[in-house]
Amino acid sequence: MFNPRKAAQVVAYLALKAGGKLDVLKAVKLVYLADRESIQQWGAPILDEQHVSMPHGPVNSTTYSHLNGEYDLVASGWSDYLEDRANHVVAVNANVAADDLDELSDADIACMDAVWEKFSHMDKWQIRDWTHDRNNIPEWEDPNGSSRPIPLERIMTMMGVENADAQAELVKDQRRIGRLFASLA
């Protein structure tokens, strides 16, 4: 189940590392790469959402839609952390600090820090081009102007995760159990 509050905090954390503002294209690429890093390190992505191939490379679908204002950002809790995007830039609310990002685990932060270390020097076009290269992101497929789902199993397979199908099913089962407990609370 997608957690918009956590997704907003992921974007806010990365934007804070950039000085409080981040280009939307670069933000969505960093979020995708952080999920990939988390899969590599911990066997599961940071965010529970569909990944898709789009013309500018892979993205986390629902996070991207939130960044584009396609949801009620106040009701979802998104606007507690991030301002509405302007001129293709997302900004952290002035009163938000890293300590306020309570949805993020130490493991999440470690993955985002690793991605920031590797990619922060790239501008939005360089990171877009890097994620467009199938030598770097082999799970991405050109969607020919549309979008195509990237199943978790494919990401895991392309990253060399052992027993990728079983691992992806385990992640899905854990999320189903989490949703069940959340509905009982």
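A short reminder: the numbers here are calculations on the coordinates, not readings from a lab. All figures in this text were calculated on a predicted structure; none of them were measured in a lab. Glycine gets a Cβ as well: all are built from the backbone with ideal geometry, and neighbour counts include every protein chain shown.
Side notes on the structure shown:
- Per residue of the chain, the DSSP helices (runs of n ≥ 4 H) give a summed -39500 (n - 2.57) that works out to -15500 deg cm²/dmol at 222 nm.
- Rounded to the nearest 20 debye, dipole of the chain from Cβ charges on Lys, Arg, Asp, Glu: 300 debye
- Prolate/oblate/rounded call for the stretch 1-155, Cα gyration tensor, a/c under 1.5 rounded: rounded
- E70 versus D165: modelled label distance in nm, points set 7 Å from Cα along the beta carbon direction: 3.0 nm
- Around M54: net Lys/Arg minus Asp/Glu count, Cβ-Cβ under 12 Å: +1
- The string of couplings for the stretch 56-66 from the Karplus curve (6.51, -1.76, 1.60, θ = phi - 60°) is 9, x, x, 9, 7, 4, 6, 4, 4, 4, 5 Hz, one whole number per residue in order, with x for Gly and Pro.
- Distant-in-sequence amide contacts of L82, defined by a placed amide H-H separation under 5 Å and a gap of 5 or more residues or a different chain, comprise N93.
- Euclidean distance of C-alpha centroids, the stretch 94-123 and the stretch 22-80, integer Å: 13 Å
- Cross-link pairs K118/K172; K6/K26; K29/K172; K26/K172 - those with Cα-Cα distance over 25 Å: K118/K172; K26/K172
- Where labels lie 7 Å past Cα in the beta-carbon direction, separation of N93 and A110 in nm: 3.0 nm
- Local electrostatic count at K26 - Lys and Arg +1, Asp and Glu -1, tallied over other residues with Cβ under 14 Å: +4
- Among I39, A8, V115 - extreme Cα towards positive end, dipole of the stretch 4-151, charges at beta-carbon: V115
- Length-normalised contact order of the stretch 93-185 in % [C-alpha pairs under 8 Å, at least 6 apart]: 12 percent
- Residue (of M159, S65, G77) at the positive-pole extreme of the chain, dipole from beta-carbon charges: S65
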